[in-house]
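The values are calculated or read from the model by the stated rules, or taken from the named source; none is laboratory data. Everything numeric in this text was worked out from a predicted model, so none of it was measured. Here the Cβ is made from the backbone with ideal geometry for all residues, glycine too, and neighbour counts use every protein chain on show. Only protein heavy atoms, including side chains, enter the accessible area calculation; ligands, DNA and RNA are left aside. Shrake-Rupley method; radii C 1.70, N 1.55, O 1.52, S 1.80 Å.
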Amino acid sequence: MKKNFTHKTQLLIIAAVFSWYCANSQAITIEAADMPVPTVNYNYDNIIGMAPSVPTIAQDAQWDYSTYFGNMPDFAAYHPETITLFTDAGVDVYRGMFKYFNTSFGYQMWQEFDFNENVIDDIAVDVPYQPNTLQPFTGNISDSIFILPQSYILNQPRRIVEFPFTANSSWNSNSRRVTEMILNVPSFGLNNAPVTHAYTWVRKDTIIAYGKMRVYTSAGPSIEYDVLLDKSSEYTLDSFYLAGQPAPSALLTAFGVSQGQKTNVNYRYQFYRKGTFAHLLGYFYGADESFTNPVDIYVHTDDIETYNGTFQVDYINYTTVLYPNPSIGNEINIKILGQVPSINKYTISDIFGKTIQTGSLENGGMGEFNIPFQQSLIPGNYFISLQNNAQNILTEYFQVTEK
């Protein structure tokens with residue numbers, strides 16, 4: 001019986017390899033003029049199921065993300081500020097966020113950003129009026145908490161970026177905020193009682209690596225972008241007051257909160273380039289301070305330039321063969337002909353980027369790999385990526401059909 005397979009030829013391109021692997025570069029320096037005020041939404045693709053879980057951390061590194069795409073669009077929205085209180089203070093744009101009390105309860109607020117020649121700061125708070133029922137906590141639909149409308153300039157802003165920055169630059173901030181509320185739970189003797197949620201937003205950023213990065217475009221790999229890798233950590237430390245005094249423990253327990261708790265915890269890596277405030281690529285680890293298990297990986301999709309130079313082809317580096325393709329859902333075989341790269345693991349994912357299966361591989365120098373599926377895959381389209389530690393070596397597409 002004749003086997004169906006895909007045949008993909010990898011070409012060694014002299015011009016690209018010379019610039020990509022051999023050239024030593026200095027870290028760029030990003031000035032205020034390199035990060036203009038946002039005027040439109042930033043569009044991203046979420047590649048959480050495709051990219052390695054941790055980027056390479058190195059000086060003069062080469063980050064090639066040109067094969068990673070998730071077809072999971074997302075965006076970051078910034079809006080021009082028009083309120084006089086804020087524009088007089090230097091606010092250029094604002095952005096919405098949700099401030100948490102706990103994992104299931106909190107309130108909406110707006111962050112106010114000032115872009116100037118020295119910094120990008122979150123300098124003010126705007127909280128809209130928000131009436132909320134407390135039925136999930138007290139069982140009584142008439143019990144309520146009212147988030148009062150409030151707008152104010154911060155005494156100490158939250159530092160987002162400090163100019164100029166380059167390799168080993170760092171900045172940090174501790175920004176205290178206060179939100180006033182009215183609590184109404186008559187059965188507990190709380191009749192329109194004043195409640196204060198005070199919190200300090202702690203943030204630290206350090207440029208820990210630099211180098212060049214390629215990302216995916218539908219027309220092929222992007223040009224090499226000079227980037228700086230920012231390691232960022234932030235969280236809020238929360239306190240609660242009732243009528244000007246620390247809230248009693250019974251009230252805190254009822255709301256599932258505690259004095260000094262950490263919320264809005266966010267650990268991330270962000271790759272910055274010149275020309276935009278949007279990160280070219282960002283790893284978001286949520287509350288994972290070890291920076292190992294991302295909850296999202298976003299790549300910027302606006303104004304990405306595709307490489308269209310003239311390449312000089314020297315010789316065939318290697319060829320990959322997948323079979324059977326389509327598979328009936330039990331296994332896939334990969335054979336690499338030519339110069340076999342070093343490979344020690346694999347990842348199978350669906351077209352939405354969800355990881356289906358991972359495992360280790362032994363190269364053995366022969367370049368032949370048999371990968372049984374741990375469970376039968378449903379009919380559909382899949383990707384298999386071969387890796388060397390955290391670096392992706394190649395990604396191939398295959399189909400699964402019914403038996």
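Residue 110 passes every criterion in (1) exposed (fewer than 15 other Cβ atoms within 10 Å of the Cβ); (2) without any contact (Cβ under 8 Å) to a residue 24 or more places away in the chain apart from (1). Among the residues of region 275-289, some residue qualifies, meaning at least one is over 18 Å from residue 34 (Cβ atoms), open to solvent by 50 Å² or more (accessible area, probe 1.4 Å) and aliphatic (A, V, I, L, M).
If you filter region 1-56 down to residues that are part of a strand (DSSP E or B) and modelled with pLDDT of 90 or more, you find that the one that is nearest to the chain's Cα centre (by Cα) is 46. Among the residues making up region 159-205, a single one is in contact (Cβ under 8 Å) with a residue 60 or more places away in the chain, open to solvent by 30 Å² or more (accessible area, probe 1.4 Å) and among the β-branched types (Val, Ile, Thr): 166.
Within region 252-274, is there a residue that is in contact (Cβ under 8 Å) with a residue 24 or more places away in the chain, part of a loop (DSSP other than H, G, I, E, B) and under 27 Å from residue 167 (Cβ atoms)? Yes, that holds for at least one residue.
Flag set for residue 296, criterion: at pLDDT 80 or above and open to solvent by less than 70 Å² (accessible area, probe 1.4 Å).
Residues of region 223-251 being open to solvent by less than 20 Å² (accessible area, probe 1.4 Å) and part of a loop (DSSP other than H, G, I, E, B), which ones? Matches in region 223-251: 247 only.
Are there any pairs, at least 6 apart or on different chains, whose C-beta atoms fall under 6 Å, with the first in region 275-303 and more than 24 Å from residue 78 (Cα to Cα) and small (Gly, Ala, Ser) and the second at pLDDT 95 or above and crowded, with 19+ Cβ neighbours inside 10 Å, and if so, which? Between residues of region 275-303 that are more than 24 Å from residue 78 (Cα to Cα) and small (Gly, Ala, Ser) and residues that are at pLDDT 95 or above and crowded, with 19+ Cβ neighbours inside 10 Å, there is no close pair. When residue 216 is tested against (1) modelled with pLDDT of 95 or more; (2) under 22 Å from residue 276 (Cβ atoms), only condition (1) is not met. If I filter region 74-99 down to residues being among the small types (Gly, Ala, Ser) and either part of a strand (DSSP E or B) or farther than 27 Å from residue 263 by Cα (or both), which single residue comes out as least open to solvent (accessible area, probe 1.4 Å)? For region 74-99, the residue satisfying everything is 76.
Would you check if residue 146 is of a type in the set (Phe, Trp, Tyr) and either buried (at least 19 other Cβ atoms within 10 Å of the Cβ) or within 25 Å of the chain's Cα centre (by Cα) (or both)? No. Of everything in region 393-403 that is modelled with pLDDT under 85 and touching a Pro at 6+ places or on another chain (Cβ under 9 Å), the residue that is farthest from residue 328 (Cα to Cα) is 393. Just checking, does region 179-196 include any residue being on the phi > 0 side of the Ramachandran plot and in a strand (DSSP E or B)? Yes; the residues of region 179-196 include at least one that is on the phi > 0 side of the Ramachandran plot and in a strand (DSSP E or B). Among residues of region 335-392 being of a type in the set (Gly, Ala, Ser) and crowded, with 16+ Cβ neighbours inside 10 Å, the one that is modelled with the lowest pLDDT is 353. Annotation note: of 71, 102, 118, the sole residue that is open to solvent by 20 Å² or more (accessible area, probe 1.4 Å), at pLDDT below 95 and touching a helix residue (DSSP H, G or I) at 6+ places or on another chain (Cβ under 8 Å) is 102.
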